[in-house]
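Inspection log for the structure reproduced underneath, given as structure tokens.
The values are calculated or read from the model by the stated rules, or taken from the named source; none is laboratory data. What you see is a predicted model; the values in this text were computed from it and never measured. Note that each Cβ is placed from the backbone with ideal geometry, even for glycine, and that neighbours are counted across all protein chains shown. Heavy atoms of the whole protein, side chains included, go into the accessibility calculation; ligands, DNA and RNA do not. Shrake-Rupley method; radii C 1.70, N 1.55, O 1.52, S 1.80 Å.
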Amino acid sequence: MIANKNFIFLTEVESTNNYANHLVLSKAADEGTVVLAQHQKKGRGQQGNSWESEAGKNLLASFILFPQFLTAANQFYLSKIISLALVDFLKPETENVTVKWPNDIYIQNRKVAGILIENSVKGSFLSSSIIGIGLNLNQLEFVSDAPNPVSLKQITAKNYDVENVAVQIWEHFNIWYGKLQTGHLNEIDTAYFKILFRGNEWALFSKQGECFEAKIIGIGEFGQLILEARNGTISKYMFKEVEFVI
Ligand code: BTN
């Protein structure tokens, strides 16, 4: 667990992950620092995409960590625990909250949050990690071409206080981070597997444009998706080697 939480509130920034990265590089941040912004001019998503967020409506946050106990080989555990923390926050608000592997947070068939983790490695261990979270809270219209976005307010019709949500997610995260620090990896694995989108059911996937039916049977040691196809073949996929057909 991290003893101190230190929140930095920004009105506008290019990207909270970039800001957090500057703090790390200039050795100006303690573990547990959280950078929050009302608006990002260049919010970044995965794979060079941009991240849409109307000013003041949503959670845009970057957590700064120095998980020097974690091997680079085990870095997917950070994805697992931030996903678990987001689900912990969302579960009491609504049903059908899942994690679309590797770390998109879904409500039914729509994406409510995205995660962008940027790690630095020293030798075979991590030296720092910036966990960027974009959680759609109060936005009611989405204009970018991002597929199937949704906000929590669109589901619950409630308004959310962004700062209060940030504190709650941080607290959930800190509990999971404590479990990671103390080596409770099996507990994390089991909890993550349980919340997977289309877990434990036959579902459609696509690989190089080809559709096939398969079931998620596990997560590999480096975070790969393990699928069993209808013909019994078991395959492991790295990120982007396979996609859900939604
Ligand atoms: C995704 O593509 O699903 C990941 C989206 C991550 C967006 C968040 S918003 C806060 C942080 N700062 C960024 O520039 N990106 C992440």
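Testing the spin-label approximation: label points 7 Å from Cα along Cα→Cβ at Phe193 and Asp30. State their distance in nm.
3.8
Which length gain, in nm to one decimal place, applies between Ala203 and Ser235 when the Cα-Cα distance is subtracted from 0.36 nm times their residue separation?
That pair, Ala203 and Ser235, stretches by 10.0 nm at full extension.
Once label points are set 7 Å from the Cα along Cα→Cβ at both Glu95 and Lys41, what is their separation, rounded to one decimal in nm?
About 4.5 nm, to one decimal.
For the range 128-246, would you read off the P(r) tail past 18 Å as a percentage of all alpha carbon pairs?
Above the 18 Å cut-off, the range 128-246 has 67 percent of its Cα pairs.
For the range 6-194, calculate the relative contact order in percent as a whole number, restricting contacts to Cα pairs under 8 Å that are 6 or more residues apart.
Value for the range 6-194: 22 percent.
Distance cut-off 31 Å, Cα to Cα: go down the list Lys5/Lys41; Lys111/Lys179; Lys5/Lys215 and report the pairs above it.
As for pairs spanning more than 31 Å Cα to Cα, those are Lys5/Lys215.
Taking the Cβ of Ile64 as the center, what net charge do the other residues with Cβ under 14 Å away carry, scoring Lys and Arg +1 and Asp and Glu -1?
Value of the local net charge: -1.
In debye, nearest 20: dipole of the chain around its Cα centre with unit charges on the Cβ of K, R (+) and D, E (-)?
200
For the range 203-244, what's the relative contact order in percent, using C-alpha pairs closer than 8 Å and at least 6 residues apart?
36
Please label the shape of the range 203-244 as rounded, prolate or oblate, based on the square roots a ≥ b ≥ c of the eigenvalues of the alpha-carbon gyration tensor (a/c under 1.5 means rounded; beyond that, a/b larger than b/c means prolate, else oblate).
Oblate.
With a cut-off of at most 14 other beta carbons within 10 Å, and DSSP calling the residue loop, which GluC sites (Glu not before Pro) in the range 144-232 qualify? Please list them.
Glu201, Glu221
Answer rounded, prolate or oblate for the range 8-151, using the Cα gyration tensor with square roots of eigenvalues a ≥ b ≥ c: rounded when a/c is under 1.5, else prolate when a/b is larger than b/c, else oblate.
Oblate, because a/c is 1.5 or more while a/b does not exceed b/c.
Please compute the modelled spin-label separation between Asn109 and Glu54, points set 7 Å along Cα→Cβ, answer in nm with one decimal.
With each label point 7 Å from Cα toward Cβ, the separation is 2.4 nm.
Roughly how many percent of the accessible protein surface of the chain is carbon and sulfur, given a 1.4 Å probe and a whole-percent answer?
48
Once the other residues with Cβ under 10 Å from the Cβ of Gln224 are scored (Lys, Arg +1; Asp, Glu -1), what is the net sum?
Neighbour charge sum, excluding Gln224 itself: -1.
Using the crude model of +1 on Lys and Arg Cβ and -1 on Asp and Glu Cβ, and no other charge, please compute the dipole size for the range 203-244 relative to its Cα centre, in debye to 20.
40
Using the Karplus curve 6.51 cos²θ - 1.76 cosθ + 1.60 with θ = phi - 60°, work out ³J(HN,Hα) for each residue of the range 158-169 in order, rounded to whole Hz, and write x for Gly and Pro.
Result, rounded to whole Hz: 9, 8, 10, 7, 4, 5, 4, 5, 4, 5, 4, 5.
Counting each DSSP H run of 4 or more residues in the chain as -39500 (n - 2.57), what helix-only mean residue ellipticity at 222 nm follows after dividing by all residues, to the nearest 500 deg cm²/dmol?
-7500 deg cm²/dmol
Please give the per residue accessible area of the range 203-244, computed with a probe of 1.4 Å over protein heavy atoms only, in Å².
Solvent-accessible surface per residue comes out at 59 Å².
Give me D for the chain in µm² s⁻¹, whole number, from Stokes-Einstein with Rh from the Kirkwood sum over alpha-carbon pairs, 37 °C and 0.692 mPa s.
178
Could you rank the peptides 113-121, 38-46 by their average count of other C-beta atoms within 10 Å per residue, with the highest value first?
113-121, 38-46
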